Amino acid sequence: GEVRPDDELTARLAAAADGSPATVRSADLVPADDGPGPGGAPGLHDLQTAAVLGLGRRLGVPTAAAVVVRSLDGRPLEDEPLEAALLRLGDAAVAALADT
């Protein structure tokens, strides 16, 4: 089924990360179909977001998630740009949570 993040926390995280919310497919296995996602967005998927959001809902804890897109054209980010993006995302998460 579908699980959704907390709207307020998602908005704060998106603002802090200078990003925009998007739908991400989350599953235990990488789907074979790598086509467009909902609304024609790129087919973004990961292996843990749904579990985190589902657990948060079950525990009554507001949750949100952010991902770094490793590849849009089949070529993965090199290690240094990937690490830099992950560190910026961590800083954004701290900023988003600072107001809670």
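The values are calculated or read from the model by the stated rules, or taken from the named source; none is laboratory data. Remember, it's a predicted structure, so these values are computed and weren't measured experimentally. Cβ atoms come from the backbone with ideal geometry, glycine included; neighbour counts cover every protein chain shown.
Hey, could you check segment 74-96 for residues that are charged (D, E, K, R) and surrounded by fewer than 10 Cβ atoms within 10 Å (Cβ to Cβ) and say which is modelled with the highest pLDDT?
Once the filter is applied, the top-ranked residue is E80.
Name the pairs: first residue in segment 58-80 and within 22 Å of A16 (Cα to Cα), second residue outside any loop (DSSP other than H, G, I, E, B) and among the charged types (D, E, K, R), Cβ to Cβ under 6 Å, at least 6 apart or on different chains?
Every condition considered, the pairs that remain are V67/D46.
Yes or no, residue by residue, for (1) at pLDDT below 95; (2) among the β-branched types (V, I, T):
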{"position": "R4", "(1), (2)": "yes, no"}
{"position": "A14", "(1), (2)": "yes, no"}
{"position": "A22", "(1), (2)": "yes, no"}
{"position": "V30", "(1), (2)": "yes, yes"}
{"position": "D34", "(1), (2)": "yes, no"}
{"position": "V52", "(1), (2)": "yes, yes"}
{"position": "L59", "(1), (2)": "no, no"}
{"position": "L72", "(1), (2)": "yes, no"}
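On the given criteria, is A65 in a helix (DSSP H, G or I), surrounded by 14 or more Cβ atoms within 10 Å (Cβ to Cβ), within 12 Å of the chain's Cα centre (by Cα) and not aromatic (F, W, Y)?
Spelling it out, it is not the case that A65 is in a helix (DSSP H, G or I), surrounded by 14 or more Cβ atoms within 10 Å (Cβ to Cβ), within 12 Å of the chain's Cα centre (by Cα) and not aromatic (F, W, Y).
Which of the residues that make up segment 36-50 are outside any loop (DSSP other than H, G, I, E, B) and either of a type in the set (S, T, N, Q) or modelled with pLDDT of 80 or more (or both)?
D46, T49, A50
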